[in-house]
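The values are calculated or read from the model by the stated rules, or taken from the named source; none is laboratory data. Keep in mind it's a predicted model, so treat the numbers as computed, not measured. Positions of Cβ are backbone-derived with ideal geometry, glycine not excepted, and every protein chain shown enters the neighbour counts. Only protein heavy atoms, including side chains, enter the accessible area calculation; ligands, DNA and RNA are left aside. Shrake-Rupley method; radii C 1.70, N 1.55, O 1.52, S 1.80 Å.
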2 protein chains.
Amino acid sequence: MRILGIDPGSRITGFGVIEQAGFHVEYVSCGVIKSTPDFTFPDRLKEIYDGICEVLETYQPDSAAIENVFVAKNPNSALKLGQARGVLMLAVRQYQIDLSEYSAKAVKQAVVGYGQADKYQIQQAVRALLKLSSTPSQDAADALAIAMCCSNHLAVSQVSL
Amino acid sequence: MRILGIDPGSRITGFGVIEQAGFHVEYVSCGVIKSTPDFTFPDRLKEIYDGICEVLETYQPDSAAIENVFVAKNPNSALKLGQARGVLMLAVRQYQIDLSEYSAKAVKQAVVGYGQADKYQIQQAVRALLKLSSTPSQDAADALAIAMCCSNHLAVSQVSL
């Protein structure tokens with residue numbers, strides 16, 4: 001079972017791919033999709049959309065997960081983030097992959113065991129849990145953490161079947 | 001010059017198409033794209049995206065305009081609206097059509113001559129200006145008003161060239 005985690009952002013979108021077998025997870029890949037600040041917003045949305053399509057095409061995940069955002073600073077940043085999130089969700093849907101949503105708190109609890117963990121703690125936990133030789137960037141680490149949160153939920157639901 | 005106006009919404013997206021020649025405008029079509037409330041949000045985004053692609057395919061506009069939203073009730077509704085807006089902007093960009101953005105105030109001023117006009121006044125103004133035999137729905141009328149606002153700006157910029 002291959003899981004794609006997505007940490008949406010209008011400037012930087014993180015992605016992380018893991019392979020899950022029961023409670024065992026293995027790292028596959030991670031990275032970021034950056035949009036060009038000088039571009040118009042429609043052009044930037046196309047960069048984000050094309051970027052995630054390439055990731056979906058390359059890694060062919062069976063399932064995807066995205067962070068559920070409730071805490072935007074203001075309606076204007078929520079709108080921008082929503083626009084990026086919209087094209088990411090559309091791409092996942094077009095590839096006919098199930099998309100789960102998890103709160104930031106659930107993601108932090110899944111990897112650090114503590115819902116208020118900071119970005120650095122997430123990076124270190126992801127590195128340790130996936131036995132990585134180097135620390136992924138914050139956005140890529142967040143995306144891997146989202147994938148791992150999804151993996152935990154799938155593993156638990158498989159056991160309870 | 002054919003102009004498509006878009007009034008974005010996660011439940012109902014209005015669209016309106018007009019033909020512009022200088023300061024003269026003519027009605028072509030209008031309608032709404034509805035997303036199914038029972039569907040998952042990715043499915044609803046796909047409905048909105050597929051709907052606007054069909055409109056773009058059918059009417060082949062030369063230019064498009066969308067309302068610039070600054071006044072969402074709260075970050076959560078801004079996020080939902082942003083997601084719908086994102087897939088609409090992506091579709092327009094994929095068809096390589098220029099997209100302009102206008103504030104609600106500018107749109108109201110363009111058709112009613114008054115930035116605080118209500119929905120009913122917009123419906124009546126659009127009906128009168130485009131010589132329609134019936135009153136379009138609120139969302140379709142808003143979309144036509146956005147297209148007319150864009151048309152005004154294009155006409156003025158053509159004159160000043």
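The table for this structure:
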item: So B:Val112, is it surrounded by fewer than 20 Cβ atoms within 10 Å (Cβ to Cβ) and in contact with a Phe, Trp or Tyr (Cβ under 7 Å, 6 or more places away or on another chain); result: no
item: Some residue of the range B:96-116 being in contact with a Lys or Arg (Cβ under 6 Å, 6 or more places away or on another chain) and in a helix (DSSP H, G or I); result: no
item: Some residue of the range B:90-98 being within 18 Å of A:Pro42 (Cα to Cα), among the hydrophobic types (A, V, I, L, M, F, W, C), touching a residue at least 12 places away in the same chain (Cβ under 8 Å) and surrounded by fewer than 22 Cβ atoms within 10 Å (Cβ to Cβ); result: yes
item: Cross-chain or 6+ apart pairs with Cβ under 8 Å, the range A:57-70 first and of a type in the set (Phe, Trp, Tyr), then part of a strand (DSSP E or B); result: A:Tyr59/A:Arg2; A:Tyr59/A:Leu4; A:Tyr59/A:Val17; A:Tyr59/A:Val28; A:Tyr59/A:Ser29; A:Phe70/A:Ser103
item: Conditions (1) more than 10 Å from chain A (Cβ to nearest Cβ); (2) in contact (Cβ under 8 Å) with a residue 12 or more places away in the chain; number of the one not met by B:Thr36; result: (2)
item: Qualifying residue in the range B:121-143 (condition: among the hydrophobic types (A, V, I, L, M, F, W, C), assigned to a helix (DSSP H, G or I) and touching a strand residue (DSSP E or B) at 6+ places or on another chain (Cβ under 6 Å)); result: yes
item: Residue in the range A:52-60 that is in contact with a Gly (Cβ under 9 Å, 6 or more places away or on another chain) and within 29 Å of B:Asn74 (Cα to Cα) present; result: no
item: Single condition A:Gln60 does not satisfy, out of (1) under 16 Å from B:Leu90 (Cα atoms); (2) more than 9 Å from chain B (Cβ to nearest Cβ); (3) open to solvent by 10 Å² or more (accessible area, probe 1.4 Å); result: (1)
item: Residue among A:Val69, A:Val112, A:Val87 that is within 21 Å of B:Ser35 (Cβ to Cβ), of a type in the set (A, V, I, L, M) and at pLDDT below 95; result: A:Val69
item: Residue list for the range A:78-89, filter: of a type outside the set (D, E, K, R) and either within 7 Å of chain B (Cβ to nearest Cβ) or surrounded by fewer than 18 Cβ atoms within 10 Å (Cβ to Cβ) (or both); result: A:Ala78, A:Leu79, A:Leu81, A:Gly82, A:Gln83, A:Ala84, A:Gly86, A:Val87, A:Met89
item: Residue within the range B:67-77 that is open to solvent by 50 Å² or more (accessible area, probe 1.4 Å) and out of contact with any Pro (no Cβ under 9 Å at 6 or more places or on another chain) present; result: yes
item: Qualifying positions in the range A:103-131 - away from every other protein chain (no Cβ under 14 Å) and closer than 28 Å to B:Val87 by Cβ; result: A:Lys105, A:Ala106, A:Val107
item: Any hit, the range A:132-151, residues being touching a residue at least 12 places away in the same chain (Cβ under 8 Å), open to solvent by 10 Å² or more (accessible area, probe 1.4 Å) and within 14 Å of another protein chain (Cβ to nearest Cβ); result: no
